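A short worksheet on the structure shown next.
The values are calculated or read from the model by the stated rules, or taken from the named source; none is laboratory data. Bear in mind the structure is a predicted one, so any value in this text is a computation, not a measurement. Every residue, glycine among them, receives a Cβ derived from its backbone with ideal geometry; neighbour counts consider all protein chains shown.
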Amino acid sequence: MGYKTSWIGGFLVAGLVSLLALPSAAQETITVTTLEDTADPPFDADDPCGVGTIDDLPGADGEVSLREAIIAANNTQGDKVIVFHLNAQGTVIAQTVITSNTISANKFMGVEIRGGEGETAGNTVDGVIEGNTVTNNGTGEFVAGIGALGGVTFAKGERVTNNTVTVEIRDNLVQDNIGQGIGVSAGQGDASGNVVTGVMEGNTVVDNDAGEGSISGIALVGGVTFTKEAKATQNTLIMEVRSNFVQGNTDTGLGVNAGQDGAVDNTVDVTLDGNTVTNHDGFGIQFAGGVNTGQVSETTSRNTLTVQASENQMSGSGIFGMAVFGGFQGLAKGNTVLGTLSSNTVADSGDTGIAVFGGFDDSLGVIARNVVEGTIANNTADGIVCEDGIKRNSAVCVQIDNTITP
């Protein structure tokens, strides 16, 4: 089932289509209850968008189809979230296309694709978010523009497992959102075995603000834990990130974390190719095996990040142009980063062009037994360092034919 949609207002497609880590209580929720492509009166009017609103749901058959939900969202003021609840686990939602919309001024997020929320398992969601203009959404540090999420839980005792999301995020303009511009995560909260795969290509991500110390442009995360009782574990994120333009976002332009805030045993495999990342106060591009942001006082451990980064251009970063950390910002143990950085160009960095550390910044707690291993080859950069950093961490780099510029 594929739809080309056009509405104003935030929307979410989920097996559960919605993004990162913020409950959407202030939004109106429209629940799809059937996969049949139906449109009962008044949703079947001659007008392309029909005339029905949320108040007209469900249709005459007692069900709410995705087509009816989209029409109701178009015709009802305010933020809307569309979710699927089909009275069964293992729902399959075929390709949903969200294209050529203007999505603006929503309190939380613009658009998100989500595999599952709460006590859900085994859903499969396939989505395309392409050619949209997503601006001025959000109120803070969470994802405000475009998101994709394998599974998330907010309530104690709920567990979201084994959901699969395949997503293409292409050729969107994501600008001036108060929060992350684009965010993708495999699992958040008590989440296990969720998988997100996809492509992010040709997007323009500029002037988004998730706050100091945050990834404000593009954020990719394997697992995020919210509380010590509910760890995100064994989630998988596989993404190709190509030919995006990322500029002027607060702090870090593009960041990839395998595990965050107490997450354990998550896996991220990411390819970055031909991206342009410029003018950020912190890092241009950041990779980390384990990170703690201070949201949860739990150790982030045994997460694995595999990186292939080639032909990216970074300039005007306040600290490092490209940074790789085994463990970062405290409470990170036993995380691993394996990677190849090749043929990248880094200029005008505030500190060092390419910086690799086994452990870096233990301000929030102990960082230990993290490992970075990789090859740094054929790059042109204003400095390259590879160091263990904090004691009991390790960084091993093979450096080949790099050019160091003033």
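Select, from Gly290, Gly255, the only residue that is within 15 Å of the chain's Cα centre (by Cα) and within 16 Å of Phe328 (Cα to Cα).
Values: Gly290 fails: within 15 Å of the chain's Cα centre (by Cα).
One residue alone meets the criteria, Gly255.
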Study note, to complete from the structure: If you go through Thr99, Thr53, the only one that is modelled with pLDDT of 75 or more and within 20 Å of Gly183 (Cβ to Cβ) is Thr99
Revision key, fill the gap. Picked from the range 209-244 (must be part of a loop (DSSP other than H, G, I, E, B) and crowded, with 24+ Cβ neighbours inside 10 Å), the residue farthest from the chain's Cα centre (by Cα) is Lys231
Review point. Cβ-Cβ below 7 Å, separation at least six or inter-chain, first residue in the range 348-372 and assigned to a loop (DSSP other than H, G, I, E, B), second hydroxyl-bearing (Ser, Thr, Tyr): which pairs?
Key: Asp348/Ser315; Ser349/Ser317; Gly350/Ser317
Check your understanding: If you check every pair at least six apart or on different chains, which have Cβ atoms under 6 Å apart with a residue in the range 194-207 that is over 21 Å from Gly223 (Cβ atoms) first and a residue that is of a type in the set (Phe, Trp, Tyr) and at pLDDT 95 or above second?
Key -> Thr204/Phe245
**Study point:** Number of the condition not met by Thr250 [criteria: (1) surrounded by fewer than 24 Cβ atoms within 10 Å (Cβ to Cβ); (2) among the hydroxyl-bearing types (Ser, Thr, Tyr); (3) at pLDDT 95 or above]
**Key:** (3)
Revision key, fill the gap. When (1) crowded, with 22+ Cβ neighbours inside 10 Å; (2) of a type outside the set (A, V, I, L, M, F, W, C); (3) modelled with pLDDT of 85 or more are applied to Pro58, the one that fails is (1)
Point to revise | Residues located in the range 188-198, provided they are among the acidic types (Asp, Glu) and in a strand (DSSP E or B) | key: none
Study note, to complete from the structure: Reported set for the range 166-182 where residues are aliphatic (A, V, I, L, M) and modelled with pLDDT under 95 is Ile178
Study note, to complete from the structure: Among strands (runs of 3 or more DSSP E) entirely within the range 116-187, at least 2 residues that are more than 15 Å from the chain's Cα centre (by Cα) occur in 124-130, 133-135, 173-175
Point to revise | Every residue from the range 315-365 that is closer than 17 Å to Gly284 by Cα, β-branched (Val, Ile, Thr) and in contact with a Phe, Trp or Tyr (Cβ under 9 Å, 6 or more places away or on another chain) | key: Ile319, Val324, Val346, Thr352, Ile354, Val356
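For every residue, the table says whether it meets (1) at positive phi; (2) of a type in the set (S, T, N, Q).
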position	(1), (2)
Phe108	no, no
Ile113	no, no
Gly118	yes, no
Val125	no, no
Thr135	no, yes
Thr139	no, yes
Val143	no, no
Ala186	no, no
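If I ask for residues that are farther than 13 Å from Ile218 by Cα and either surrounded by fewer than 24 Cβ atoms within 10 Å (Cβ to Cβ) or of a type in the set (Phe, Trp, Tyr) (or both), which ones from the range 133-152 would you list? It would help to see each step written out before you state the result.
Looking only at the range 133-152, we keep the residues that are farther than 13 Å from Ile218 by Cα, and these are 133-140, 149-152.
Of everything in the range 133-152, those that are farther than 13 Å from Ile218 by Cα and either surrounded by fewer than 24 Cβ atoms within 10 Å (Cβ to Cβ) or of a type in the set (Phe, Trp, Tyr) (or both) turn out to be Thr133, Thr135, Asn136, Thr139, Gly140.
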Check your understanding: Restricting the range 72-92 to residues that are surrounded by 22 or more Cβ atoms within 10 Å (Cβ to Cβ) and closer than 21 Å to Gly131 by Cβ, which is modelled with the highest pLDDT?
Key -> Ala73
Practice item. Filter the range 339-348 down to residues that are surrounded by fewer than 24 Cβ atoms within 10 Å (Cβ to Cβ) and closer than 10 Å to Asp382 by Cα and give me whichever is nearest to the chain's Cα centre (by Cα). Key: Thr345
Check your understanding: Is it true that Ala258 is out of contact with any Asp or Glu (no Cβ under 9 Å at 6 or more places or on another chain) and among the hydrophobic types (A, V, I, L, M, F, W, C)?
Key -> yes
Exercise for review: Taking Asp388 as the residue in question, decide whether it is closer than 21 Å to Val291 by Cβ and part of a loop (DSSP other than H, G, I, E, B).
Suggested key: no
